[in-house]
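Everything below concerns the one structure shown next.
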Amino acid sequence: MAAADSGAAVPFHGAHQAGISTAVQDRLHFAAFDVTTKDRAELISLLKEWTRAAERMTAGHAVGDGAYGGLAEAPPDDTGEALGLKPSRLTLTIGFGPSLFAKGRFGLEDRRPDALVDLPKFPGDNLDAARSGGDLCVQACADDPQVAVHAIRNLARIGMGRTAIRWSQLGFGKTSSTTPGAQTPRNMMGFKDGTRNISGTDTAALDKHVWVGAQDRADWMTGGSYLVARRIRMHIETWDRTGLQEQEDVFGRDKGEGAPVGKAKERDEPFLKAMLPTAHVRLAHPDSNAGATILRRGYSFTDGTDGLGRLDAGLFFLAYQRDTRKAFVPLQRRLAAHDALNEYIQHVGSAHFAVPPGVRDTDDWWGRALFS
């Protein structure tokens, strides 16, 4: 698309936050934050400052007065590593975790949406608390990794004394697409991923499956969505020694074209009963889950090795949905219990966030309706 070729800016203001149905960019820097202040007014002030900074960075501008030219004795307003770079379709998307609504913190306990559940423990989970949870999250997506990292770095700097990064994840090689006309990306296992993902232009599907509606009984979330983030470690070395036929049986698609079992083309309608009962595509398909559908924005990651010579690599899974209780939770229960892919993967990090609607204009700010 032209915007991707030109490094153009994605509009920051709108009814929905950018970075959800937006055409998926090439790179990710995701950060979860703990709020360290106990003062509600300080938290609100932070969200306003973050919003103003996000408006500037997504437009390709430096934060505040910039990285140079100010008082020599004071730190610059911007860290400077994105100077001269294009906006690179940077989007910044914020979410609020369940812990932000805890009683006695910010007076938000009665504002927690019913859909913002504490995720259950699924079979096979081996979650690292240091890579899970968070009061706030910011998802930075861009076509230039330095632009994405710069955005998170500057928000973390602005938040110093009021927030601290709890954990973060860099991602490359998008594993899902919201632009079905483009080539479907491949995951670290070499298979096409996201063939049936919701299109960013399919407003009917987005309204049905992604955006929170006025009838969903969470007024401040209308126009928002719910985000599940899962760090999924892949047992790369075991997978790489697995025969091609078994790999294809595990997914229910062929590795070359990405066609479902018994079909010729990637986008041919799958015949689920032709697949093994444990095939990933069969188990994850909406027809196997009473129509449950999520919008995926996952990325591959490789974080060095684990000390035993094995790659610490896999999928950073991001799923947006209208109600997590009706989408991710039943879907993951089914996959965790039956998916043949479980032999080759393990969920090691997990978080759940309420992603509020978009910032309407320059007088609005992230989460305003929550605190009103």
Going through Lys174/Lys273; Lys121/Lys192; Lys121/Lys208; Lys48/Lys121 one by one, the pairs whose alpha carbons sit over 32 Å apart turn out to be Lys48/Lys121
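Note the direction-averaged projected area, equal to a quarter of the hull surface, for the Cα convex hull of the chain, in nm².
Over every viewing direction, the Cα hull of the chain projects on average to 19.3 nm².
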Determine, for each peptide in 139-150, 249-260, the mean count of other beta carbons within 10 angstrom over its residues, then list the peptides with the highest first. 139-150, 249-260
Most mobile of Gly64, Gly349, Gly84 in a GNM of the chain (Cα contacts under 10 Å): Gly84
For segment 123-197, what is one quarter of the convex hull surface built on the Cα atoms, given in nm²? 7.2
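Sorted from largest to smallest, which semi-axis lengths in Å does the alpha carbon gyration tensor of segment 153-277 give for its equivalent ellipsoid, taking the root of 5 times each eigenvalue? Don't jump to the answer; show the numbers that get you there.
Numbers: eigenvalues 226, 111, 34 Å².
After scaling each eigenvalue by five and taking roots: 34, 24, 13 Å.
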Step through the residues of segment 186-203 one at a time and calculate ³J(HN,Hα) from phi using the Karplus curve (6.51 cos²θ - 1.76 cosθ + 1.60, θ = phi - 60°), rounding each to whole Hz and writing x for Gly and Pro. 10, 8, 5, 8, x, 9, 5, 10, x, 4, 9, 5, 5, 6, x, 9, 8, 4
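Using square roots of five times the C-alpha gyration tensor eigenvalues, list the equivalent-ellipsoid semi-axes of segment 1-152 in whole Å, biggest first.
On the way: eigenvalues 173, 91, 43 Å².
Whole-Å semi-axes of the equivalent ellipsoid: 29, 21, 15.
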Tell me, what is the Rg over Rh of segment 90-171, with Rh the Kirkwood radius over Cα pairs? 1.00
Once phi is turned into ³J(HN,Hα) by the Karplus curve 6.51 cos²θ - 1.76 cosθ + 1.60 with θ = phi - 60°, what whole-Hz value does each residue of segment 47-64 show in order, with x for glycine and proline? 4, 5, 5, 4, 5, 4, 5, 5, 4, 6, 5, 5, 8, x, 9, 6, 6, x
How many angstrom separate the Cα center of segment 74-143 from the Cα center of segment 338-352? 21
Where the chain is the region considered: accessible area per residue in Å², 1.4 Å probe: 43
For segment 224-233, just list the computed ³J(HN,Hα) in residue order, Karplus coefficients 6.51, -1.76 and 1.60, θ = phi - 60°, integers in Hz, with x standing in for Gly and Pro. x, 7, 10, 10, 10, 10, 9, 8, 10, 6
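Between Ile165 and Lys48, what is 0.36 nm times their sequence separation minus the Cα-Cα distance? Round to one decimal in nm.
On the way: separation 117, 0.36 × 117 = 42.12 nm, distance 1.82 nm.
Extra length available between Ile165 and Lys48 comes to 40.3 nm.
Roughly to the nearest percent, how much of the accessible area of the chain is carbon and sulfur, given a 1.4 Å probe? List each step's numbers first, then the result.
Values: 8290 of 16120 Å².
C and S atoms contribute 51 percent here.
The values are calculated or read from the model by the stated rules, or taken from the named source; none is laboratory data. As the structure is a computational prediction, the values presented were derived from the model and not from experiment. Note that we place each Cβ from the backbone using ideal geometry, even for glycine, and neighbour counts take in every protein chain shown. What goes into the accessible areas is simple: the full protein's heavy atoms, side chains included, and nothing from ligands, DNA or RNA. Shrake-Rupley method; radii C 1.70, N 1.55, O 1.52, S 1.80 Å.
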